[in-house]
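The values are calculated or read from the model by the stated rules, or taken from the named source; none is laboratory data. Every value quoted in this text rests on a predicted model; they were computed, and no experiment measured them. As a convention, Cβ positions derive from the backbone with ideal geometry for all residues, glycine included, and neighbour counts pool all protein chains shown. Calculation scope for accessible area: heavy atoms of the full protein, side chains included, ligands and nucleic acids excluded. Shrake-Rupley method; radii C 1.70, N 1.55, O 1.52, S 1.80 Å.
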Amino acid sequence: MYDFAYHKPGSVADAVKLLADPDAKAISGGHTLLPALKHRLNKPSALVDLSGIAELKGIKRVGNAIVIGALTRHVEVATSAEVKAAIPALAYMASHIGDVQVRNRGTIGGSVSNNDPAADYPAAVLGLGAIVHTSSRKIAADDFFLGMFTTALEPGEILTAIEFPIVDKAGYAKMKNPASRYVMAGVFVSKAGAAVRVAVNGAGPCVFRQSAMEAALAANWSPDAVAGIKQAPDDLNADIHGSAEYRAHLVSVMAKRAVIAAG
């Protein structure tokens with residue numbers, strides 16, 4: 001039997017107060033938390049439903065960046081004219097997350113906060129060098145993702161928005177599990193002037209930057225520049241769907257495809 005209180009605050013400030021209880025859990029799209037509740041793997045004292053907080057929703061351009069509210073759904077990012085015009089690779093990524101049901105229910109803030117190794121958005125956040133806005137501070141992408149299902153968010157801290165800088169070029173490619181559609185290995189690349197970023201998701205326990213590929217692309221922005229760079233299989237994920245060696249191979253293949261997609 002479920003035994004928890006349910007709250008639906010109307011503001012970030014009210015949500016933060018409710019989440020001061022260490023046993024309370026925030027919920028947005030619910031793709032991770034609801035299955036955990038059904039299997040009795042998580043027993044919160046209270047659920048804090050963020051869906052009624054208007055300030056957490058929406059997409060806008062601010063200077064040379066696209067700012068996306070945490071409760072913005074994948075389908076909204078995928079179909080946003082603002083995102084398509086400024087960072088088409090981000091819209092493309094959103095349009096290929098999960099299936100139709102997932103895209104219409106899941107939120108960008110929930111995905112990034114959960115930091116599932118096989119999620120798509122962490123690659124865009126790290127690959128674009130985004131800034132994560134929270135209820136109390138701003139966190140650079142390089143400081144945000146700490147490990148499997150682990151981020152720099154403190155207890156009671158809420159992710160409120162993500163600020164994506166508009167870059168010269170960006171591209172994303174992934175190999176997805178045909179059954180679950182989770183990422184087995186994906187690569188997000190971006191170029192802003194002389195700065196190049198390459199983020200890998202799905203292959204390891206946590207999204208990470210591929211420095212050798214970044215150096216190669218900084219010298220020569222071309223798919224051939226990354227085609228010959230081998231990702232070490234050490235510490236990569238291995239399961240019934242693919243070995244660490246297979247995922248390492250996929251990183252090189254997806255990096256080449258991402259650069260081609262970026263143009």
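Put simply, of 161, 199, 185, 194 the only residue that is open to solvent by 10 Å² or more (accessible area, probe 1.4 Å) and touching a strand residue (DSSP E or B) at 6+ places or on another chain (Cβ under 9 Å) is 161.
Taking each residue of segment 58-81 that is under 13 Å from residue 100 (Cα atoms) and looking for partners that are part of a loop (DSSP other than H, G, I, E, B) and not aliphatic (A, V, I, L, M) with beta-carbon atoms closer than 7 Å, six or more apart or interchain, yields 73/106; 74/106. Considering segment 40-63, the residues that are within 14 Å of residue 107 (Cα to Cα), open to solvent by less than 50 Å² (accessible area, probe 1.4 Å) and of a type outside the set (A, V, I, L, M) include one that is farthest from the chain's Cα centre (by Cα), namely 52. Of all residues in segment 3-25, those that are modelled with pLDDT of 95 or more have Cβ atoms under 6 Å from Cβ atoms of residues that are open to solvent by 60 Å² or more (accessible area, probe 1.4 Å), 6 or more apart or on another chain, in 18/7. Within segment 250-259, being open to solvent by 50 Å² or more (accessible area, probe 1.4 Å) and either among the hydroxyl-bearing types (Ser, Thr, Tyr) or touching a Lys or Arg at 6+ places or on another chain (Cβ under 8 Å) (or both) holds for no residue.
Consider segment 202-220 and keep the residues that are open to solvent by 50 Å² or more (accessible area, probe 1.4 Å) and under 15 Å from residue 263 (Cα atoms). The one that is farthest from the chain's Cα centre (by Cα) is 220.
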